[in-house]
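Here, each number is a calculation from the coordinates, and none is a lab measurement. Remember, predicted model here, so these are calculated numbers, not experimental data. Cβ placement follows ideal geometry from the backbone for every residue including glycine, while neighbour counts extend to all protein chains displayed.
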Amino acid sequence: MNYYLIVAAMTMVFFPITIIPLWIRYHTLRYRFDAEGVGMSVGILFKRETYLTYRRIQDIHVSRGIIQRWLGLATVAVQTASGSATPEMTIEGVADPDGLRDWLYSKMRGVDEAHPKSNAVPAAATDDEALLLLRDIRDALERVAAERKRGGA
């Protein structure tokens, strides 16, 4: 809340107008991290909910403004391949942004928590329709190459 108070105070004359939405945002902002992805909800009258699966995350940016650095906070912006220039989700007020960024990167790459050095493919990816299609194409190309080898030899 200190960050929002400082930001609102910087608007000087407009402080009463600025502090109300920031106060509502502070009290309604919720993040949820589960096995499949990360969710965010904010708002009272106009509630906005965003849920991103770890597989959709493309990039993660950490930013620290001067006030955030002074307070020891940062903002972690999560982007997907949606084609938008703005991040899909912004996680505000993070005390350990580098740890959160590294954890999100490990989740989006499917690293097994029990064996962090393992690069195993997540179980959900084996059922992915695109992956099955690519495997069928690979197998078909291998059959064509084998037939050409037998026919040409």
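Here are the numbers for this structure:
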quantity: Selection from PRO16, ILE44, ALA77, by position along the positive dipole direction of the stretch 2-120 (Cβ); calculated: PRO16
quantity: Potential lengthening between THR86 and ARG69 on full extension [0.36 nm per residue; Cα-Cα distance subtracted]; calculated: 3.9 nm
quantity: Under Karplus coefficients 6.51, -1.76 and 1.60, residue-wise ³J(HN,Hα) of the stretch 35-43 in Hz, glycine/proline x; calculated: 5, 9, x, 10, x, 9, 9, 8, x
quantity: Span per principal axis, largest first, for the Cα atoms of the stretch 1-79 (Å); calculated: 44, 31, 16
quantity: Percent RCO, i.e. relative contact order, over the chain, from Cα pairs under 8 Å lying at least 6 residues apart; calculated: 12
quantity: Coarse-grained scattering of the chain at q = 0.11, 0.13, 0.18, 0.19 Å⁻¹, given as base-10 log I(q)/I(0) from a Debye sum over alpha-carbon atoms; calculated: -0.61, -0.77, -1.17, -1.25
quantity: Under-5 Å amide H pairs with GLU88, H placed in peptide plane, nonlocal only; calculated: VAL78, GLN79, THR80
quantity: Sum of -39500 (n - 2.57) over DSSP H runs of 4+, divided by residues of the chain (222 nm, nearest 500); calculated: -14000 deg cm²/dmol
quantity: Span-like helix ranges in the chain, DSSP H, alpha carbon extent 27 angstrom or more, Kyte mean at least -1.0; calculated: 129-152
quantity: Charge sum, other residues only, whose C-beta stays under 10 Å from GLY39's C-beta, Lys/Arg counted +1 and Asp/Glu -1; calculated: -1
quantity: Trypsin sites (Lys or Arg not before Pro) restricted to the stretch 37-86 and DSSP loop, no more than 12 other C-beta within 10 Å; calculated: LYS47
